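Encoded as structure tokens, the structure appears first; notes follow it.
The values are calculated or read from the model by the stated rules, or taken from the named source; none is laboratory data. Just so it is clear, the model here is predicted, and its values are computed rather than measured. All Cβ positions, even for glycine, are placed from backbone atoms using ideal geometry, and neighbour counts span all protein chains on display. These area figures cover heavy atoms from the full protein model, side chains too; ligands, DNA and RNA do not enter into them. Shrake-Rupley method; radii C 1.70, N 1.55, O 1.52, S 1.80 Å.
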Amino acid sequence: MYEPFNSSGKNLNFFGIEGKFKSLIISYLTGRYQKVTLNNDSSSTWELIKQGVPQGSVLGPLLFLLYINDLSKIIPNYNSIVLFADDINILVTDSNEEDFNSNINQSLNSLITWFSSNLLTKLS
């Protein structure tokens, strides 16, 4: 199965995507290759794409929204998260500077953990 939905524990069935439609999405996302070309000169070899969706695709935004659906659950209740398309904003307010710093650090640490566990970044 397509790596991010499989390895991160996310499952297309959870969203009601089953049967032929699920097979179509998996087929759409697997077995794709890319290489880098600059000034008509190939600067890389063909490599298998293990993550992501084809740029400019109609399914890309939908799959992205399905993938980040649980992101808002990891932000503490005293902070707010605003999702719009592929933009993510976290609103942190507190009149006490020490509490503000603690709140923002907790939210950022939660995001780092979420991104890492969902294969959206690699920590070195």
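Assess whether ASN103 counts as being at pLDDT 90 or above, on the phi < 0 side of the Ramachandran plot and surrounded by 12 or more Cβ atoms within 10 Å (Cβ to Cβ).
The answer is yes for ASN103.
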Residue in segment 12-21 that is among the polar types (S, T, N, Q) and either in a loop (DSSP other than H, G, I, E, B) or at pLDDT 85 or above (or both) present:
no
Can you tell me how many residues within segment 62-95 are polar (S, T, N, Q), out of contact with any helix residue (DSSP H, G or I) (no Cβ under 8 Å at 6 or more places or on another chain), open to solvent by less than 70 Å² (accessible area, probe 1.4 Å) and not in a helix (DSSP H, G or I)?
1
